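The values are calculated or read from the model by the stated rules, or taken from the named source; none is laboratory data. Worth saying up front: this structure is predicted, and the values here are computed from it rather than measured. Virtual Cβ from ideal backbone geometry, glycine too; neighbours counted across all protein chains shown. To get the accessible areas, we keep the full protein, side chains included, count just its heavy atoms, and leave off ligands, DNA and RNA. Shrake-Rupley method; radii C 1.70, N 1.55, O 1.52, S 1.80 Å.
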Amino acid sequence: MADTTSTALVTGAASGIGRAVAARLAADGARVVCADANAVGLDETISAIERAGGSAAAVVLDVTDRDAVARLVGSADLDGLDRVALCAGIYRATPVDAFSIDDYRRVLEVNLTSSVALLVALVPRLRAAEAPRAVTVSSIHSQFAEAGSSAYAVSKAGLVAATKALAVELAGDGILVNSIAPGFIDTPMAVLEDGTNEHDTAGFRSVYVEHGKLPLGRPGTPEEVAAAASFLLSPDNGYITGHVLVVDGGLTATF
Ligand code: NAI
């Protein structure tokens, strides 16, 4: 293990990208507070980190529950906090012909409003840290459109805008705030309602693999996203703030 003076908070840590980020930050030497609404998944994340020799604590948390968020922000678990990775997120289709305003609001509430509110609430703690860093996890969907995804696209574009605004506002406090915009990453979010993985469908393979739309020719792994988060959150990142780091196998380079 590297230094153990760092404390990290990772939301969405029960699955996919958040789990990989938590594991990577623990491997980097941080004590990692893993927050997620999914208690079972959190247990698996904590066990994996501990088996690998890392240090982690679980907090069952719905990021939209303001009272629970306030309790977490005030809890001694977060003493020494200097790294924040906001990975919790949901995808819900909001197609024109089956539009649900409740789904629309929920996507914005989880992906955008709650991420920003949590980061804002953590600012007093980050101001006290030596090398405070935060990353939000947005998406390439903030840059390109797919039918039926307007709520998700708005939530991620808004998160990018908020990340940049907070980076500017908090620069004077030495807090660096960046966003990671993943492309197609193999996580449970890529599993469709019928159980098939979106990345295994003929349509995906035809457009993205056979016709070269995805230059690296495969979906990314959560660990590849976590490597980017590890760097942006580390003291090695001294001069990058308000940036959106695209981790997409070259997909957006083809636009
Ligand atoms: P995932 O579904 O595997 O993980 C999302 C995690 O967020 C889950 O553990 C879930 O329990 C948690 N979560 C959802 N709502 C929550 C709430 N209200 N409170 C607390 N926790 C909550 O998905 P994945 O792929 O790991 O997604 C992580 C982030 O990456 C999300 O923000 C997603 O939008 C983003 N992303 C994912 C991409 C992909 O291809 N998988 C591509 C681009 C962005």
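Data overview
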{"quantity": "Nearest-20 debye value, segment 173-255 charge dipole, Cβ charges on Lys, Arg, Asp, Glu", "calculated": "260 debye"}
{"quantity": "Table column - 3J(HN,Hα) (Hz), segment 83-93, Karplus curve with 6.51, -1.76, 1.60, x for Gly and Pro", "calculated": "9, 10, 10, 9, 9, 4, x, 9, 10, 9, 5"}
{"quantity": "For the chain, accessible area per residue (1.4 Å probe, heavy atoms of protein chains only), Å²", "calculated": "45 Å²"}
{"quantity": "Amide H contacts of SER149 (H built 1.01 Å from N, under 5 Å, at least 5 apart or other chain)", "calculated": "THR94"}
{"quantity": "Equivalent ellipsoid, segment 92-139 (semi-axes from 5 times Cα gyration tensor eigenvalues, Å)", "calculated": "32, 10, 4"}
{"quantity": "Computed [θ] at 222 nm, helices only, for the chain once each DSSP H run of length n ≥ 4 contributes -39500 (n - 2.57)", "calculated": "-11000 deg cm²/dmol"}
{"quantity": "Gain on full stretching of the segment that runs from GLU169 to ASP67 - 0.36 nm per residue minus C-alpha separation", "calculated": "34.2 nm"}
{"quantity": "Separation in nanometres of the label points that stand 7 Å from Cα toward Cβ, at ALA202 and ILE240", "calculated": "4.0 nm"}
{"quantity": "Using θ = phi - 60° and Karplus 6.51 cos²θ - 1.76 cosθ + 1.60, couplings along segment 225-234 (whole Hz; Gly, Pro as x)", "calculated": "6, 4, 5, 5, 5, 4, 5, 4, 8, 8"}
{"quantity": "Length-normalised contact order for the chain - Cα pairs under 8 Å, 6+ apart - percent", "calculated": "19 percent"}
{"quantity": "ALA58 long-range amide H proximity, modeled H, under 5 Å", "calculated": "CYS34"}
{"quantity": "Interchain or long-range residues, amide H under 5 Å from VAL84's placed H", "calculated": "LEU9, ARG133, ALA134, VAL135"}
{"quantity": "Unit charges on C-beta of K, R, D, E only; dipole of the chain, Debye", "calculated": "480 debye"}
{"quantity": "Exposure rule at most 16 other beta-carbon atoms within 10 Å, DSSP loop GluC sites (Glu not before Pro): the chain longest free segment", "calculated": "1-129"}
